[in-house]
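A.B. asks: If you scroll down you'll find the structure; I have some questions about it.
The values are calculated or read from the model by the stated rules, or taken from the named source; none is laboratory data. Computed from a predicted model, the values in this text were never measured in an experiment. Every residue, glycine among them, receives a Cβ derived from its backbone with ideal geometry; neighbour counts consider all protein chains shown.
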Amino acid sequence: MSIIPLLKLTEKGKHLCPGMSGVYRIFTCPGDEHDFHLRAFYGKLMKDRIRREDILMKESVLEVKGLVKSYKELKALCGLDLDVKKGEIFGLLGPNGSGKTTAMNCILGLLNYDSGSIRVFGQEMTPSSYDIRRRIGVVPQNVAVSDELNVQENIDFFCGLYVDDKKERKLLTDRAIDFAGLSQFRKFRPKKLSGGLLRRLNIACGIAHRPELIFLDEPTVAVDPQSRSHILDGIEKLREDGATIIYTTHYMEEVEQICDRVAIIDAGKNIALGTVDELKRLAAHYDPDNPPTLNDIFLEITGKQLRD
Amino acid sequence: MKKFLLSFQTYFRILFRTKDQLFWCLLFPILLSTMFHFAFAGLITETNFTKIPVAVSSAYPLPGRLKTGVSDAMKDVLEITFTDSVEEAEDLLRNGKAEGTVFLDKHLAMQVTVPPGSSVGASILAGIAENYNLVRATLIQTYKEDGITGLLPLLRQLLRTMPGKSTDASSAGTAASTRDIYSSSFVANADGSKGVDIDLSRINFYSLIAMFCLFASMSGMAAVIMTQANLSEFGKRISLSSASHLQILSGFLCAGFLVQLICILIGLTYMHFALGVDFGSDTGSILLITAAGCLSGVCLGFFVGSIGAMKESTKNAILMVIIFGGSAAAGLFGGNGFIEIEHSLPVLNRINPVALITDAVYAGALNGGPARYTKDILRLLLISALLFAGGVIMQRKKSYESL
């Protein structure tokens, strides 16, 4: 039985009331009494529920338990738990400074952490886990390519860090170029590319070696709707090809569009986890005919005060 | 190995496409050497040099033999007029018949007077006096500390540094020509090898080459920055890959070394064929020292780049201080830094890569002695090895406390 933590409950089967001083409860599904009420009350969520359960049946690709990381006196992560299943698009949301990037860097073995455990593909992740890293792709928030190399050379280089065989590398590079819609810009240097094309190049460099687990850190920042749509379609395509995706963004509509499950992190720990619809039901005054947006929920859960 | 080759090839490409890199490592040496050519070439050459008129007076009558000896020794450089009094010498200076006056006081210290806004000739004169006084002070100090027994080896050494001149100690202090003083002040023939005539402007070119060898440190440091997760996004991506960080870094460093070597070779070719700088007949030894110089430059950049989580600008500043400070200490920008350091803190000359490279190029080009050349190369390689080892130790850390 899988555990869906952190949905806030007040009265049985009625409203989920985040923001009140109730205690976070962990409820299980299916068969849980509260869950039954929820299903009955929100019938339209059934499909979504089943999908979630399908996901939860799958094996874990990433398991993070009790992750703690401090920067001197500042606690960046306070016992973070994550469980990402194979083949899902997992949204990692949180206000600025909530610990998302720190969590990702710890998971990827870049940052030391104080305590907790990180397992990727069932194995413990360490800074020298090169075998695990070979199966991971990372698309950083900032465009990380060389201005002196053209599109093809950049993708080829980053692909070459994972793939030794030259022929295979060439095929993968061509595939990534096609995937990102950069065929016409193969010989362009990054400085000649628009913001959207740059973002696509950034993504192509991260996924060229066909990783099984992909971290996408705000890949659609400052791009136009067309590029964003292209990127989001691409992410769905990656999932269809079997990749598991961990996606961080501040654009809630993107999360609604593509994420199977979402974790909201604040102050270094996850404060909500579930599908988008489950999270929506956390609204204090939920109206199924006029459901709140994920953005409303996010603000309700994390508060409206400005963050660093 | 494949990842090493991939990173080598990629960084090689990147460096040759980086405009800053090309400017500093290729264009700047060519521009500066051209400038040096017009500033110095022909100034102190055998054919074009105009003798510097100088009026010499002393606190006590100089023996005729000494006067003749000095005049003969300096005949290529100075046009000496001995006067009976300081006033008479000053008259010559005022009338423009002398570019400077030299006064030997009762302690035989040399005092030079040159008019304000003086010419290059007057500067050379001041340089000669400075050297003379330095040698004199050293001799006196040695005599005070060790007596005549301590003085003898020094005199013997002094004689060796004044090649082709009188071998008797009495004339050693005055027999050196300007060229000898300059060349000996720059690079002492410590192994007693026979010296040769030297075009002074060459030394500037040699120091220039040394400085540009150390410019390889820029690509060395850039390699570290491009591969380190806490210094660049590019580095973060590399650190997250399944490739060994040190393997990628090694490829980058080797590419940096090769690119700098190619740039230097282009520079040397330009200096030789376009500017007519003579590097002697032993091309192989010049190439070897240039390669060793580039290696030490890359290792220096690797070491400085690997120090902690300093900002790139701070690391750049450290490199510039080392390169330009080292060049100044080796005498690139004039003065007698090398000889003064040789007297006061010789170990600095042994660890200053610019001084070592200059000295080795000098020794290689002018047959200054295989022993000295070999020692310089070995010292450079040792320094490179130490810097590289230090860098590797600092680079071994695989994860960070913060990014």
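A.B. asks: Output the residues belonging to region B:247-285 that are of a type in the set (Val, Ile, Thr), assigned to a helix (DSSP H, G or I) and surrounded by 21 or more Cβ atoms within 10 Å (Cβ to Cβ).
C.D. replies: B:Ile248, B:Val259, B:Ile264
A.B. asks: Please work out if A:Pro95 is in contact (Cβ under 8 Å) with a residue 12 or more places away in the chain, facing chain B (nearest Cβ under 7 Å) and in a loop (DSSP other than H, G, I, E, B).
C.D. replies: Answer is no for this residue.
A.B. asks: Still on this structure, please answer the following. Checking the structure you have, find out if any residue of region A:95-103 is modelled with pLDDT of 90 or more and within 18 Å of A:Arg261 (Cα to Cα).
C.D. replies: For region A:95-103, residues modelled with pLDDT of 90 or more and within 18 Å of A:Arg261 (Cα to Cα): present.
A.B. asks: Does region A:64-74 hold any residues that are more than 11 Å from A:Leu111 (Cα to Cα) and buried (at least 18 other Cβ atoms within 10 Å of the Cβ), and which are they?
C.D. replies: A:Val64, A:Leu67
A.B. asks: With respect to A:Arg199, determine if the residue is assigned to a helix (DSSP H, G or I), more than 22 Å from the chain's Cα centre (by Cα) and either within 11 Å of chain B (Cβ to nearest Cβ) or over 21 Å from B:Ala243 (Cα atoms) (or both).
C.D. replies: Taking the combined requirement at face value, the residue does not satisfy it.
A.B. asks: For region A:252-308, which helices (runs of 4 or more DSSP H) that fit wholly inside it have 2 or more residues that are among the β-branched types (Val, Ile, Thr)?
C.D. replies: Helices (runs of 4 or more DSSP H) meeting the threshold: A:252-258, A:294-302.
A.B. asks: Let me ask you something else. Just to check your reading of the model, which residue among B:Ala291, B:Ala243 is surrounded by 15 or more Cβ atoms within 10 Å (Cβ to Cβ), among the hydrophobic types (A, V, I, L, M, F, W, C) and without any contact (Cβ under 8 Å) to a residue 40 or more places away in the chain?
C.D. replies: Exactly one of B:Ala291, B:Ala243 is surrounded by 15 or more Cβ atoms within 10 Å (Cβ to Cβ), among the hydrophobic types (A, V, I, L, M, F, W, C) and without any contact (Cβ under 8 Å) to a residue 40 or more places away in the chain, namely B:Ala291.
A.B. asks: Now, a different point. Among the residues of region B:241-250, is any more than 12 Å from chain A (Cβ to nearest Cβ), of a type outside the set (Gly, Ala, Ser) and within 25 Å of B:Asn349 (Cα to Cα)?
C.D. replies: No: zero hits.
A.B. asks: Residue by residue through region A:262-278, note down the ones that are buried (at least 21 other Cβ atoms within 10 Å of the Cβ), polar (S, T, N, Q) and under 16 Å from A:Ile245 (Cβ atoms).
C.D. replies: Within region A:262-278, no residue meets the criteria.
A.B. asks: Shifting gears a bit: Would you confirm whether any residue within region B:228-240 is among the hydrophobic types (A, V, I, L, M, F, W, C), surrounded by fewer than 19 Cβ atoms within 10 Å (Cβ to Cβ) and modelled with pLDDT of 85 or more?
C.D. replies: no
A.B. asks: I've got another one for you. Being of a type in the set (Ser, Thr, Tyr) and either part of a loop (DSSP other than H, G, I, E, B) or crowded, with 19+ Cβ neighbours inside 10 Å (or both) is the filter here; which residues of region A:128-161 pass it?
C.D. replies: A:Ser128, A:Ser129, A:Ser146
A.B. asks: Out of (1) more than 7 Å from chain B (Cβ to nearest Cβ); (2) assigned to a loop (DSSP other than H, G, I, E, B); (3) among the charged types (D, E, K, R), what's the single condition that is false for A:Asp164?
C.D. replies: (1)
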